[in-house]
1. Looking at segment 64-77, can you tell me whether even one residue there is free of Cβ contacts under 8 Å to residues at least 24 places away in the same chain, surrounded by 14 or more Cβ atoms within 10 Å (Cβ to Cβ) and not hydrophobic (A, V, I, L, M, F, W, C)?
2. Checking residue 86 against (1) on the phi > 0 side of the Ramachandran plot; (2) under 11 Å from the mean Cα position of the chain (by Cα), only one condition comes out false. Which one?
3. Scanning for something in contact with a Ser or Thr (Cβ under 7 Å, 6 or more places away or on another chain) and closer than 22 Å to residue 2 by Cα, does segment 49-64 turn up at least one residue?
4. For segment 41-91, name all the residues that are hydrophobic (A, V, I, L, M, F, W, C) and either under 20 Å from residue 104 (Cβ atoms) or part of a helix (DSSP H, G or I) (or both).
5. Pairs please, first residue from segment 35-62 and within 19 Å of residue 78 (Cα to Cα), second anywhere and of a type in the set (A, V, I, L, M, F, W, C) and in a loop (DSSP other than H, G, I, E, B), Cβ atoms under 6 Å, 6+ apart in sequence or on different chains.
6. All but one of (1) at pLDDT below 95; (2) surrounded by 20 or more Cβ atoms within 10 Å (Cβ to Cβ); (3) small (Gly, Ala, Ser) hold for residue 40, so report the exception by its number.
7. Of everything in segment 84-101, what is surrounded by 13 or more Cβ atoms within 10 Å (Cβ to Cβ) and either more than 14 Å from residue 41 (Cα to Cα) or without any contact (Cβ under 8 Å) to a residue 60 or more places away in the chain (or both)? Give them in sequence order.
8. Would you point out which residue out of 9, 16 is hydrophobic (A, V, I, L, M, F, W, C), outside any helix (DSSP H, G or I) and at pLDDT 95 or above?
Amino acid sequence: MPTVYTVYVIELARKVFTENARFRAANPQFNGVLECLYVGMTSKTPQERFQQHKTGYRNAKGHDLSAAIVRKYGRYLRPSLYQNIGPLSREEALEVERGLALELRSRGYAVWFN
């Protein structure tokens, strides 16, 4: 059975915009009205993946699979922004992750994605 993926959204603390130059540069359209977000994809549940980000999860080879931006600024999951998406194949999830991130940016959010 093929692996199933989910796209998820995490709200980030607003100070990410002032403290992280790369995040700020990626979101020149941000006017401070809406929230700062992280969009990702996972084969785990969004809750499990969020916990991995927050605890600095490393795989068996010792590679850090958590996003430093979420570890430092992640506040909580925003299921209302992703609950109707999926399940997806890996290829679909990569496409949907990017599309959702760009859509959220166009709606006024500041967004980070890989």
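The values are calculated or read from the model by the stated rules, or taken from the named source; none is laboratory data. Please read these numbers as outputs of a predicted model, since none were measured by experiment. Virtual Cβ from ideal backbone geometry, glycine too; neighbours counted across all protein chains shown.
1. Yes: one or more hits.
2. The one condition residue 86 does not meet is (2).
3. The answer is yes; a qualifying residue exists.
4. 41, 50, 67, 68, 69, 70, 77, 81, 85, 88 - these are the residues of segment 41-91 that are hydrophobic (A, V, I, L, M, F, W, C) and either under 20 Å from residue 104 (Cβ atoms) or part of a helix (DSSP H, G or I) (or both).
5. 39/113; 53/67
6. Checking residue 40 against (1) at pLDDT below 95; (2) surrounded by 20 or more Cβ atoms within 10 Å (Cβ to Cβ); (3) small (Gly, Ala, Ser), the one that fails is (1).
7. 94, 95, 98, 99
8. Answer to the check: 9.
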